[in-house]
Amino acid sequence: MKKFILTLTALVAMAVQADAQTFTFQKGDTVKAVASESGVELKNNVTNTTSGTYKITWKIIYHNLPAAPSKWNTGFGLCDNKLCYANTILTGTSQTSVDVTAGSTMPFYITYSDLAGATETGPLYISVELTQGSFKDTCTFVLSKWATSVNNISNKSDNISLYPNPATNEVNVIFNGMNDVKSVGIYNLIGKLQSIYKVSGTSANINVENLPSGIYLMRLMDNQGHPVAVRKFNKQ
């Protein structure tokens, strides 16, 4: 009986060891960035937490990137310590790194060198599953894009007035001469929609009382949901 208990204990210990965590993400399981027209690089490097050397196998298990010819798709790159891979890996094919030595960190990042003309603003999600031995973990990259200059969207955007700024309970926006504005969306800085309002005429009164304090982006959009202009405001 004693021998059986010792054997069972050893088996349990081996199982726990087999499933033990062998790597960590430097920035947790989710990283976020706002891209510009010139692109973006979003890192979540991977650290070997063991005393040995190993390789890591990984694959994309989910994404909501728009289809080609969008630059979000054609310009996609995901890099490890071996190569930078193009958009062909979006289909979920597995890749394997070169050796990651004990205690060292493997670079792991998404890169875009040019997003000029990409109209999709996100948020866009890319989830990647990494495997080393029997241990698996997943990290998600979250990307958004905002116009770097509202004048590139509309030459009439100088006619926009937004007040008060900072705002406490409500914010008013006036967009004289911009009859194509049909809705106003409030987004946080990582691209998550907080609220959206249909508008008629050339002004809107937006209730922001329930928003947490912080910086927000107000998107003025046409009837197709395309941005006409973007303004930033502070909520106190």
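Quick note: the coordinates plus some simple rules give every number you see, no bench work behind them. Treat the numbers as computed from the prediction; the structure is a model and nothing was measured. Ideal geometry is used to build each Cβ from the backbone, glycine not excepted, and the neighbour counts take in all protein chains shown.
Please give me the summed charge of the neighbours of GLY28: other residues whose Cβ is under 15 Å from its Cβ, Lys and Arg +1, Asp and Glu -1. Summing Lys/Arg as +1 and Asp/Glu as -1 gives +1. In summary, the aspartates and glutamates within cross-link reach of LYS235, defined as a Cα separation below 12 angstrom excluding same-chain residues under 8 places away, comprise GLU170, GLU209.
Average projected area of the Cα convex hull of region 21-145, in nm²? List each step's numbers first, then the result.
Values: hull surface 27.0 nm².
For region 21-145, averaging the hull's shadow over all directions gives 6.7 nm².
Recomputing Kirkwood radius over Cα pairs in Å from the coordinates shown identifies the correct label among [x] 18.5; [y] 18.0; [z] 20.7 as [z]. Shown here for region 51-138: chymotrypsin sites (Phe, Trp or Tyr not before Pro) in loop regions (DSSP other than H, G, I, E, B) with at most 15 other Cβ atoms within 10 Å, of which there are none. Label region 150-235 by shape, choosing from rounded, prolate and oblate, from the square roots a ≥ b ≥ c of the eigenvalues of the Cα gyration tensor; if a/c is under 1.5 it is rounded, and otherwise prolate applies when a/b is larger than b/c, oblate when it is not. It is prolate, given that a/c is not under 1.5 and a/b is the larger ratio.
Rounded to the nearest 500, what is the 222 nm mean residue ellipticity of the chain from helices alone, with -39500 (n - 2.57) per DSSP H run of 4+ residues and division by all residues?
Values: 2 runs with 21 residues, N = 236.
One gets -2500 deg cm²/dmol as the mean residue ellipticity at 222 nm.
Between their Cα atoms, which of LYS27/LYS145; LYS43/LYS145; LYS32/LYS55; LYS71/LYS182; LYS55/LYS145; LYS82/LYS145 are more than 23 Å away from each other? Don't jump to the answer; show the numbers that get you there.
Numbers: LYS27/LYS145 21 Å; LYS43/LYS145 17 Å; LYS32/LYS55 26 Å; LYS71/LYS182 27 Å; LYS55/LYS145 33 Å; LYS82/LYS145 28 Å.
Pairs exceeding the cut-off: LYS32/LYS55; LYS71/LYS182; LYS55/LYS145; LYS82/LYS145.
Cβ under 15 Å from PHE76's Cβ, PHE76 left aside: what net charge do those residues give with Lys, Arg +1 and Asp, Glu -1?
Values: positive: LYS59, LYS71, LYS145; negative: GLU41, ASP80, ASP114, GLU120.
Charge balance in the 15 Å sphere: -1.
For the chain, the longest principal axis of the C-alpha atoms and the axis of helix 2-18 are separated by about 40°. Here region 73-102 and region 161-192 have alpha carbon centers that stand 40 Å from each other.
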